[in-house]
Amino acid sequence: MHLIFENLVPNLIQLWTHDFKDLGSADDPFVIRPTIWRAVGTATASCGPTIPYSFCSRPQNIANDKLQCTADAWSFWLPYITPVVLENRFTEDKYYWHFIDLVKLVRTCLQFEMQKKDIEFMRRGFERWVEKYEQFYYQHDPSRIATCPITIHALLHIVDLINATGPVWTSWAFPMERFCGSIQPAIKNRCFLYASISKYVTDDACLTQVQVLYDLQDKLSFRANPHPQQCFLHSNYPTCILLPPRTATAPEPSLFKKVIAALATRYDASATCVQRICSAECVRTWGKVRRLDGGDTMHAAGVIKPSQDSRDATFVRYETLVNKYACQKKRQPEYEMKMFYGQLQHIFVVSLPSDARLRITKPTVHILTSIKTCKVECSNAALDIHYYLKLGGLDILDITCIQCIVGCIPCANNSWAIIDRSGDLARAFYVPETSDE
């Protein structure tokens, strides 16, 4: 994929900014005016605080710091940021939509698994994209042959390589680059480079074997992990762990009422009955939640206040069952799974004692969250980008409804674009209950 991220994308940017080998003129229809391109660079840099650090490094102003962008930076900028910041920037929309076709193809290439229909989509898609590229940029003019380097022709062979070796992640260069980056600091002597590297690799392999043999991964890890006594993990919620900060004070009365209402719905009881059993002292607030097995770490906006140079990790995607006939109160409820986006506000641990009125036979723990829902105005289903203008009301949900963290990119008219990088890998599904008959 370095073919695209380190060659094709920079070449396209040079064409758009009239900086490609002195070809053409500033009046070419695909050239973006300097003032507009500076606005694109500013928009790219401005989305850094609202994109979680787990997504990518802080985006650079590509109008000023283009040479500082790595393949990893381009790999996020291309499929997620460009559909937002490049919209309505070209004098003719056909150049934008031609680029969006490339975005769709790259997203398909980055899939963890592929089906035959994906292979066929990419084969036909790259063929059509190259044909349009030649029409738009080469313009079938021999004097512009420099716009067709070998990297353009190589796009036609990506599908053949996938057929031969599997999805691109099985053979791309990112792991080797990370490895080279890890051993570079080990070079302490310029006269004996290879001896320094060999010693570091040998020592690292020995340390890895000691970790495996004696189960010392945590003790020998240089990553600062919270002390087990500072975390909260419950057997009823094996997919997540709560992390500090933790507040000892009870939630505000308005929030506490919403928690009581959510519990009343769960136990099919009145709010008064639940409140007699669940006092404010039964509720404790936490600041972070981490999905286990390599999941995201999400922050509660109502507990953790952002610092000056922080990255926002409070917006999440969640899925819950919704009554299709909620507006028809006399109709029998029928539930379906729906997806929402919102900002995580609070994380509550509710400890309930055993009580016959709620049919609780033993002490029970519930982990609930309060989320402000994003009022999605429109969506681009093909790119999985959703736009919202403001946040809605506060919902109290079980923490298992939260799927993953998402990012936000500021747009025109004070709206925001929601960036969901997980795709189909983190979708929840609902299996309706069936009768025993």
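Spot the failing condition for Leu263; the list is (1) under 26 Å from Thr361 (Cα atoms); (2) in a loop (DSSP other than H, G, I, E, B); (3) open to solvent by less than 80 Å² (accessible area, probe 1.4 Å), and only one is missed.
Failed condition: (2).
Go through the range 236-247 and give me each residue that's closer than 17 Å to Leu352 by Cα and open to solvent by 40 Å² or more (accessible area, probe 1.4 Å).
Asn236
Which of the residues that make up the range 292-304 are outside any loop (DSSP other than H, G, I, E, B) and surrounded by fewer than 18 Cβ atoms within 10 Å (Cβ to Cβ)?
Thr297
Within the range 1-119, which helices (runs of 4 or more DSSP H) (wholly inside it) include 3 or more residues that are modelled with pLDDT of 90 or more and exposed (fewer than 15 other Cβ atoms within 10 Å of the Cβ)?
Hits in the range 1-119: 34-46, 93-109.
Looking at the range 128-141, can you tell me whether even one residue there is within 22 Å of Leu8 (Cβ to Cβ), open to solvent by 50 Å² or more (accessible area, probe 1.4 Å) and in contact with a Cys (Cβ under 8 Å, 6 or more places away or on another chain)?
For the range 128-141, residues within 22 Å of Leu8 (Cβ to Cβ), open to solvent by 50 Å² or more (accessible area, probe 1.4 Å) and in contact with a Cys (Cβ under 8 Å, 6 or more places away or on another chain): present.
Within the range 370-396, take every residue that is open to solvent by less than 20 Å² (accessible area, probe 1.4 Å) and in contact (Cβ under 8 Å) with a residue 60 or more places away in the chain and give me the one that is farthest from Pro251 (Cα to Cα).
In this case the residue turns out to be Leu383.
Does the range 374-400 hold any residues that are under 22 Å from Gly302 (Cβ atoms), part of a strand (DSSP E or B) and of a type in the set (Ser, Thr, Tyr), and which are they?
Across the range 374-400, the qualifying residue is only Tyr388.
The values are calculated or read from the model by the stated rules, or taken from the named source; none is laboratory data. Computed from a predicted structure; not experimentally measured. Virtual Cβ from ideal backbone geometry, glycine too; neighbours counted across all protein chains shown. All accessible areas refer to the heavy atoms of the entire protein, side chains included, with ligands and DNA or RNA removed. Shrake-Rupley method; radii C 1.70, N 1.55, O 1.52, S 1.80 Å.
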